[in-house]
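Step one of this worksheet: look at the structure below.
Read the figures in this text as sums done on the coordinates, not as results from a lab. Since the structure is predicted, the reported quantities are computational estimates derived from the model, not experimental observations. No Cβ is skipped: glycine too gets one built from the backbone with ideal geometry, and neighbour counts run over all protein chains shown.
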Amino acid sequence: MAGKLVSMRNLKFLLYEVFDVCTLTEYDYYKQFNRKTFDMFLDAGLELGTKLMQPVYEEMDRKPPELVDGVVKVHPQVRRILKEFGEGGWIGARFPVEFDGEQLPLQILSACNLIFCAANFSASAFPGMNSGVAHLITSYGDDNLKEKYVAKLLSGQWQGTMAMTEPQAGSSLTDLNTMAEPTDEGFYKITGNKIFISAGDHDCVDNVVHLMLAKIKGGPPGVKGISLFVVPKKRFDENGKLVLNDIVVSQVFHKMGYRGTPTTELSIGENDDCRGYLVGDEYKGLSYMFQMMNEARIGVGAAAAATASAAYYAALEYSRERPQGRNIAAKDPLTPQVPIIEHSDVKRMLLFQKAVVEGSFSIVMQCSKYEDMLSVVSDDEEKEKYALLLDILTPVAKNYPSEMGVHSTSQSIQCFGGYGYCEDFPVEQYYRDMRIHPIHEGTTGIQGMDILGRKVLMKNGKAFSLFLEEVRKTIADARDCSELKIFAEELNNSIERLQEVTLHLIGIAQEKGPEYFLADATLYLELFGIITISWQWLLQSITVDKALQNELSASEYNFYQGKLYTCKYFFRYELPKIEGLAKRLMDKDPLTVEMEVNFFSD
Ligand SMILES: Cc1cc2nc3c(=O)[nH]c(=O)nc-3n(C[C@H](O)[C@H](O)[C@H](O)COP(=O)(O)OP(=O)(O)OC[C@H]3O[C@@H](n4cnc5c(N)ncnc54)[C@H](O)[C@@H]3O)c2cc1C
């Protein structure tokens, strides 16, 4: 299988024309880069994605990991992928030079990640986890932890994991039961049971490093009692030799998609001999883990957008080649059939996919830009601004691509008709692989409560105000472009509606309490997401409008016109959906709160 995964033209449009990533090279931290070196990373990323990961996309799905005699066997290509990602510096690409990293801007790395995830999401998860785990250890771990674990993770010799979920504690981490008992020897004894741990163990690495949440015995109840530990599969003994650390894989889950990565259940400390090493301070585990979770949430959005992209290009290619039917006005059955892409309804399905994919790529890049700015600005106020913008946009960047990616890949299947439902084409796998994204790293419901219950209110609404300021800047710029004026006004009306809805809900919070306030938080997030992606489409279109003033080659003209039409599509077909959502959110009938559980009777 060697279909197109992403549009490199679109990635370069976002990086160089919309977000102007090269301005970062004016800062000391990034001064070693230029457009040419950025392009080299993109080319190398495309090479890795298409030559190393895409060829085993289907095979990793058809032959999923197995637990054989206590060993988790994964596709052998995983070893090569980890090795090449490690040796090629990809796992540590974002890290500072002191950790042997490249200090690569996140925008460039995100573009490469979009390629990797489009090529093979399961395969991309192995090195991706390592990067997140190593980043957390370098941020909060002591020198001993950094020395022992970081280099092995960045080189891909060892596997990193994020071990939070337990059978009774998925969305509700307050209910974690894994315990950590302090000893006099500087380590903690860990006992418990974790489920759904991605890459929790496998036979392509020598060791596994779990970043594990646990409660210290005797500590405060609830989330305040949670601490973070490094818990390796094999620990160093007093002679510096690696010995087993009493963690057993008790099952590998069988899943509908994302099947190349083993999702494992772990039994920890059954023989009372599992040692964990505290990261940072006691009881601060959840706040530390949020660093990794926030990165991972934007990573999930990126992965969803990437899979939707691969599915879209498969559907586009098929729609250009599949003859079926004639123009509705053509009466003569002897005229040849037309390719289905000529039917307006198929164009609508393709426009929907293009709008979701390129709108989602754009919000991922926007967040990456804020993250890059955070690493170079020194002024406290500016730092706070970028941090708050990231805070408020993280649930959106996770959720919009994930939820809409499910619809988008479904529409890819629809373009294929019956063939889309069969294994002859890759879209059924893209659809199955996509379905995890609204679930892991915090379900859609949890993201909804996060944005409405925390992010919009935080710092007296400062993050929300900063977001509105960013959107208003784009609206002001778009008002200068004759073709975009109308969309600028529509977006302006939408953010006024968003404010109206937000104030109404805050009123409900004060009047009736949190249950009523948050009952429809998921719908609020949906509304917020559509407005955010409209903003991203308008932002892209300002660049498009300028480009279309110039003499262009046919392919460039088509590229920019395609952008403009997709922006129009978004404003004409997607943005109006906020009206239905706003109407419901302004409605005072607390239907879901008052519907009694018993009423779900037969
Ligand atoms: C393939 C896969 C890989 C995973 N990888 C990892 C990993 O590497 N590490 C890790 O730690 N975990 C991992 N997970 C776990 C994942 O993060 C959880 O499945 C997820 O957080 C949801 O938890 P849960 O499954 O217990 O569902 P539940 O929390 O039981 O949720 C079920 C439903 O109820 C809703 N719900 C729950 N609580 C509330 C509430 N208070 N208010 C409103 N609605 C609510 C949810 O939104 C959801 O729709 C993985 C899961 C899968 C399936």
- Message: Taking just the alpha carbons, could you work out the radius of gyration and Dmax for the chain, both in angstroms?
- Response: 24.6, 89
- Note on the structure: FRET efficiency for Ser482 and Asp281 from the Cβ-Cβ distance with R0 = 45 Å, rounded to 0.05, comes out at 0.20
- By Cβ neighbour count within 10 Å, fewest first, Cys274, Cys481 rank Cys481, Cys274
- Given the peptides 560-569, 94-103, 390-399, arrange them by the average over their residues of other C-beta atoms within 10 Å, most packed first. 390-399, 560-569, 94-103
- Based on the alpha-carbon gyration tensor of segment 159-285 and its eigenvalue square roots a ≥ b ≥ c, which shape applies: rounded if a/c is under 1.5, prolate if not and a/b is larger than b/c, or oblate? oblate
- Item | Most to least packed among 530-539, 296-305 [average Cβ atoms within 10 Å] | 296-305, 530-539
- Task: Can you give me the span-like helices of the chain, meaning DSSP H runs with 24 Å or more of Cα extent along the axis and Kyte-Doolittle mean at or above 0.0?
- Result: 106-140, 285-321, 344-374, 521-547
- What ranking, highest mean first, results for peptides 343-349, 116-122 when packing means the other Cβ atoms within 10 Å averaged over each residue? 116-122, 343-349
- Inter-centroid distance (Cα atoms) of segment 406-434 relative to segment 134-160, Å: 39
- Quick calc, the chain, dipole around Cα centre from Cβ unit charges on Lys, Arg (+) and Asp, Glu (-), nearest 20 debye, gives 1040
- In terms of the Cα gyration tensor, with a ≥ b ≥ c the square roots of its eigenvalues, is segment 8-153 rounded because a/c is under 1.5, prolate because a/b exceeds b/c, or oblate? oblate
- Task: With unit charges on the beta carbon (Lys/Arg positive, Asp/Glu negative), name the residue among Pro76, Phe41, Gly101 whose Cα is farthest towards the positive pole of the charge dipole of segment 8-153.
- Result: Pro76
- Residue order, fewest to most beta carbons within 10 Å, for Val208, Val252: Val252, Val208
- Query: Taking only the alpha-carbon positions of segment 456-594 and ignoring solvent, what does the Debye formula give for the base-10 log of I(q)/I(0) at q = 0.10, 0.13, 0.16 Å⁻¹?
  - Reply: -0.41, -0.62, -0.84
- Task: Among DSSP beta bridges whose residues both lie in the chain, state the antiparallel percentage, nearest 5.
- Result: 80
- Which lysines have a Cα less than 30 Å from the Cα of Lys148, not counting those fewer than 8 places away in the same chain? Lys73, Lys83, Lys189, Lys194, Lys215, Lys217, Lys224, Lys233, Lys234, Lys241, Lys284
- Relative contact order (%) - the chain, alpha-carbon pairs under 8 angstrom, separation at least six: 12
